[in-house]
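A short reminder: the numbers here are calculations on the coordinates, not readings from a lab. Since the model is a prediction, treat every value here as computed from it, not as a measurement. Glycine also receives a Cβ, built like all others from the backbone with ideal geometry; neighbour counts cover every protein chain displayed.
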Amino acid sequence: MSHGPIAQRILEKLGAGLSPDAIELVDDSARHAGHHHEGGMDARPGGESHFNLMIVSEAFEGLTRVARQRRVLDLLREEMAGPVHALSVKALTPDEVQKSPNMS
């Protein structure tokens with residue numbers, strides 16, 4: 001799957017900061033095209049403003065769901081302040097993936 005420059009930057013930062021076992025980033029911007037956001041219309045008509053992320057990392061071990069999301073968002077502070085309007089985060093540990101019948 002080919003990713004745009006913003007998605008690529010997100011993947012690189014998460015890879016470096018969390019050493020994930022698995023990562024899936026889906027650009028969901030097309031479903032939100034033309035939505036009004038703070039400051040006017042979506043500033044990225046070509047997409048890369050709304051993403052769905054599924055990430056599996058041992059770095060999430062022992063962290064609450066909120067703490068995991070904070071960890072991800074801290075790494076992406078620059079992107080969230082600029083081009084990315086929304087990021088849906090599903091952050092799991094490798095054990096959680098193995099135990100979940102829907103994730104394997």
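Once you have the Cα-Cα distance between GLU24 and GLU96, take 0.36 nm times their residue separation minus that, and quote the gain in nm to one decimal.
Working: separation 72, 0.36 × 72 = 25.92 nm, distance 1.61 nm.
Extending this stretch completely gives an extra 24.3 nm.
For the range 1-28, there are no residues whose amide N sits under 13 Å from a probe point set 7 Å from the Cα of ARG65 along the beta carbon direction. Remark: the ASP74-ALA86 segment gains 2.9 nm on full extension, using 0.36 nm per residue and subtracting the alpha carbon distance. Across the range 19-24, computed HN-Hα scalar couplings (Karplus, 6.51 cos²θ - 1.76 cosθ + 1.60, θ = phi - 60°) run 6, x, 6, 8, 8, 9 Hz from first to last residue, x flagging Gly and Pro. Annotation: amide H-H contacts under 5 Å for ASP28 (H modelled 1.01 Å from N, sequence separation of 5 or more, or interchain): HIS50, PHE51, ASN52. For ASP21, the residues whose modelled amide H falls within less than 5 Å of its own, excluding neighbours fewer than 5 places apart on the same chain, are VAL56, SER57, GLU58. Working note: Karplus 6.51/-1.76/1.60 with θ = phi - 60° gives the range 83-89 the couplings x, 8, 8, 8, 9, 8, 10 Hz, where Gly and Pro are set to x.
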